[in-house]
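Please treat every number below as a calculation from the coordinates, not as lab data. Keep in mind that what you see is a predicted model, and the values were worked out from it rather than measured. Note that each Cβ is placed from the backbone with ideal geometry, even for glycine, and that neighbours are counted across all protein chains shown.
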Amino acid sequence: MPTLRSRIEEAVRLQTTQPNFGVVLLGLFFGKAVYADRGKKEPSAGGPRYAAPIQFLGRHTLLIYLIHQPILIAVLWALGLISF
């Protein structure tokens with residue numbers, strides 16, 4: 001059974017960064033061109049009540065990511081889908 005490390009190494013070998021870098025540059029160019037006349041908007045202080053959970057998730061994205069990653073890896077390891 002292939003390990004997680006071997007799968008990551010294989011994916012890295014298959015995917016080069018040079019074609020993707022061109023897509024990033026195109027996105028930067030078109031973003032500057034389309035949104036050049038728009039000023040920087042400040043986030044609104046409030047919002048609809050139903051949007052409060054979504055606003056919470058948006059403000060704490062890094063914390064949510066850091067908490068769920070070890071849990072997800074532990075579940076996959078416990079199920080035997082990955083090995084270290």
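Summary of computed values
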| read-out | value |
| --- | --- |
| Extended-chain gain in nm, criterion 0.36 nm per residue less alpha-carbon gap, Trp77 and Phe56 | 4.6 nm |
| Label-reachable residues, the stretch 62-78, where backbone N falls under 15 Å from a point 7 Å from Phe84's Cα toward its Cβ | 69-78 |
| Cut-off under 5 Å, modelled amide H: who pairs with Ile82 long-range | Trp77 |
| In nm, spacing of pseudo-spin labels at Leu66 and Glu10 (7 Å Cα→C-beta vector) | 3.3 |
